[in-house]
1. Look at B:GLU63 and say whether it is in contact (Cβ under 8 Å) with a residue 12 or more places away in the chain and of a type in the set (Asp, Glu).
2. State whether the residues of the range B:15-24 include one that is over 24 Å from B:LEU266 (Cβ atoms), in a helix (DSSP H, G or I) and open to solvent by less than 60 Å² (accessible area, probe 1.4 Å).
3. Examine the range B:246-266 for a residue that is closer than 27 Å to B:LEU183 by Cα and either aromatic (Phe, Trp, Tyr) or outside any helix (DSSP H, G or I) (or both), and state whether such a residue exists.
4. Please determine, by comparing only the residues of the range A:41-66 that are more than 7 Å from every other protein chain (Cβ to nearest Cβ) and part of a helix (DSSP H, G or I), which one is surrounded by the most Cβ atoms within 10 Å (Cβ to Cβ).
5. Acidic (Asp, Glu) and under 20 Å from B:LYS353 (Cα atoms): is that true of B:GLU468 in this structure?
6. Note down all Cβ pairs under 9 Å where the first residue falls in the range B:460-476 and is without any contact (Cβ under 8 Å) to a residue 24 or more places away in the chain and over 19 Å from B:GLY439 (Cβ atoms), the second is open to solvent by 20 Å² or more (accessible area, probe 1.4 Å) and in a helix (DSSP H, G or I), and they're at least six residues apart or on different chains.
7. Which ones in the range B:231-265 are out of contact with any Gly (no Cβ under 7 Å at 6 or more places or on another chain) and open to solvent by less than 10 Å² (accessible area, probe 1.4 Å)?
8. Being touching a strand residue (DSSP E or B) at 6+ places or on another chain (Cβ under 9 Å), over 30 Å from B:LYS474 (Cα atoms) and in a loop (DSSP other than H, G, I, E, B) is true for just one of B:PRO421, B:PRO413, B:PRO364, B:PRO358. Which residue is that?
Amino acid sequence: MNAELLTALTIFVLAILCGFAVISKVPATLHTPLMSGANSIHGIVVVGAMFIAIEADEPIAYLLSFIAVAFGTMNVVGGYVVTDRMLQMFRRKPVAPAAAKAEKAEA
Amino acid sequence: MELSVLETLVRVAWVAGAVAFVIGLIRMNSPATARNGNLLSAGGMTVAIVATAVFLALERGGEAFNVTGWIIVIAGIALGGGLGLYTARTVKMTAMPQLVSLFNAVGGGAAALIAIDDYLHLSATSTLPTLQVNVATVLDIVIGSVTFTGSLIASGKLMGLRITPSRPVKIPGGQLVTAALALIVVAGAAFLWIPNLSVPVMLLILAAALVFGVTMTLPIGGADMPVVISLLNSFTGTAVAMAGFVLDNPVLIIAGALVGASGAILTKLMADAMNRSVINIMVGGFGGGEGTVGSVGGAGHSVRELGMDDAAIQLAYASSVIVVPGYGLAVAQAQHALRELAELLEARGVDVKYAIHPVAGRMPGHMNVLLAEANVPYPQLREMEEINPEFDRADVALVVGANDVTNPAARKPGSPVSGMPILDVDHARAIIVIKRSMGRGYAGIDNELYGNPKTGMLFADAKAGLTELVSAVKAL
């Protein structure tokens, strides 16, 4: 095993732990937008698709990389836009803390 | 190893992108910062992509400049970006879950294509891949392909396409087919890892994985699709991380692993909220979706059917009404009709609130989005813990297309829903249930609520029923 692979594995393991840590106390109302947001992040695959497109040198490689770039970009653009649309819905919520408190006292 | 200035810069930009992804996800944990978190994440993505483009243009410039490659990149970005932007902006909020699944499918497809391309390239140059590349390539192809077809089927099921009905589809000899496909994949992978360089075997693995994605998802019912989509989302993350190992690209590894892990946790949270286990869902037990299994009449129940006018009178002369919207409301897209009824009641001085179960709708949190889209004032939406004590004082609980989340059987042991948090609908003075039939929910059991003497059943499609109620209230 070489040093580069070990570095890559280290990054991989730490990123997994990081992924476990960032999701823990999410209210259920945010589960769907959060899933959609995470969905957009794996659109980073488009970076890899760009590499294979520029390094392509034969028709089949051009074809595969073209589909990969298009797929990856669709994942990124569509993912972020639809997540933003979902979250926009939550924004206009003039939560009145006073009213909520009053009701709790009443109960 | 010494990096060029350019390569150093692009790698720094990737780290910045990764930092934005992590902080973005953390900020998306709370409603107040969620939108900002998503924008931060999108900003990080833009930086990473632009830096990559600049790097490729300069580093592979001059003699090595690949004109066709750049045409491919620009055309691909234009096509994919255009399609993504158009569909994301025009989709109805009720159809949003299937669109997310579609975006997930193409992400998994892109990851698989990268590995396929890399493998063909190795084969063309007769280079025997190193073990790490070989392992990552096979895993990328398998996971990416399963996600691709699996997510497409999940999306189709949510759209209710004829070829992918939302009910569970039994595949003849299903278990056997699945086992055979898994065997092909494992045997093929072992053969390649020995190591051997064989394009036909790679293609065989690819084909088996693509079919596996279909046979895995088809037998699962529509009501369980949110959990399935979330699981496939986690798979795509893992496939992208594998693509990162294939290309030796750190940002793909980081972002992929991040999504793989966070997606797995999110899947478990979703399954927990539905009182299901992920394994249970994937192996497929009950998962029919409302009204598909169901015996009309229900054993041992004597249910009271309510007329439209009686229901209208009960609602109009109540002083407080709690609406319990569920899956059936989302399916019938009845949120606008519901808001109209609520506004009509409020104009008559009735206090209207909405009780939102954590898993109401087609996905956790989906109901909030649907009602917000129909312009229901946010302060009227109440979470379960907050609204439950208020049922004791409510005159009418109006249940629209919700089933298992209102079943009092959950309070007692010995039923499939036991222990699931429910809305205390049966505490209200009167209960009106709008429902198509006595069909069961996805837990596949009868709802004791319907046999309650306080309960009146209005057998109708959620949208049609609410529209008729609106005219009945207007006529009073």
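1. On the way: in contact (Cβ under 8 Å) with a residue 12 or more places away in the chain: no; of a type in the set (Asp, Glu): yes.
No.
2. Kept after step one, since they are over 24 Å from B:LEU266 (Cβ atoms), are these residues of the range B:15-24: B:15-16.
Now drop any that are not in a helix (DSSP H, G or I), which leaves B:15-16.
Remaining after also requiring open to solvent by less than 60 Å² (accessible area, probe 1.4 Å): B:16.
Yes, some residue in the range B:15-24 is over 24 Å from B:LEU266 (Cβ atoms), in a helix (DSSP H, G or I) and open to solvent by less than 60 Å² (accessible area, probe 1.4 Å).
3. Step one: of the range B:246-266, the residues closer than 27 Å to B:LEU183 by Cα are B:246, B:256-257, B:260-261, B:263-264.
When the remaining residues are screened for being either aromatic (Phe, Trp, Tyr) or outside any helix (DSSP H, G or I) (or both), the result is none.
Within the range B:246-266, none of the residues are closer than 27 Å to B:LEU183 by Cα and either aromatic (Phe, Trp, Tyr) or outside any helix (DSSP H, G or I) (or both).
4. First pass over the range A:41-66, keeping only residues more than 7 Å from every other protein chain (Cβ to nearest Cβ): A:55, A:57-59, A:63.
Still in the running and part of a helix (DSSP H, G or I): A:59, A:63.
On the way: A:PRO59: 9, A:LEU63: 14.
Ranking the qualifying residues of the range A:41-66, first place goes to A:LEU63.
5. Details: acidic (Asp, Glu): yes; under 20 Å from B:LYS353 (Cα atoms): no.
No: the conditions fail for B:GLU468.
6. Pairs that qualify, where the first residue is without any contact (Cβ under 8 Å) to a residue 24 or more places away in the chain and over 19 Å from B:GLY439 (Cβ atoms) and the partner is open to solvent by 20 Å² or more (accessible area, probe 1.4 Å) and in a helix (DSSP H, G or I), are B:SER471/B:MET308.
7. Within the range B:231-265, B:ALA255 is the sole residue that qualifies.
8. Details: B:PRO421 fails: touching a strand residue (DSSP E or B) at 6+ places or on another chain (Cβ under 9 Å); B:PRO413 fails: touching a strand residue (DSSP E or B) at 6+ places or on another chain (Cβ under 9 Å); B:PRO364 fails: touching a strand residue (DSSP E or B) at 6+ places or on another chain (Cβ under 9 Å).
Matching residue, one of B:PRO421, B:PRO413, B:PRO364, B:PRO358: B:PRO358.
The values are calculated or read from the model by the stated rules, or taken from the named source; none is laboratory data. Model, not experiment: these values are computed from the prediction. Glycine gets a Cβ as well: all are built from the backbone with ideal geometry, and neighbour counts include every protein chain shown. When the accessible area is computed, the model is the full protein with side chains, heavy atoms only, and any ligands, DNA or RNA have been set aside. Shrake-Rupley method; radii C 1.70, N 1.55, O 1.52, S 1.80 Å.
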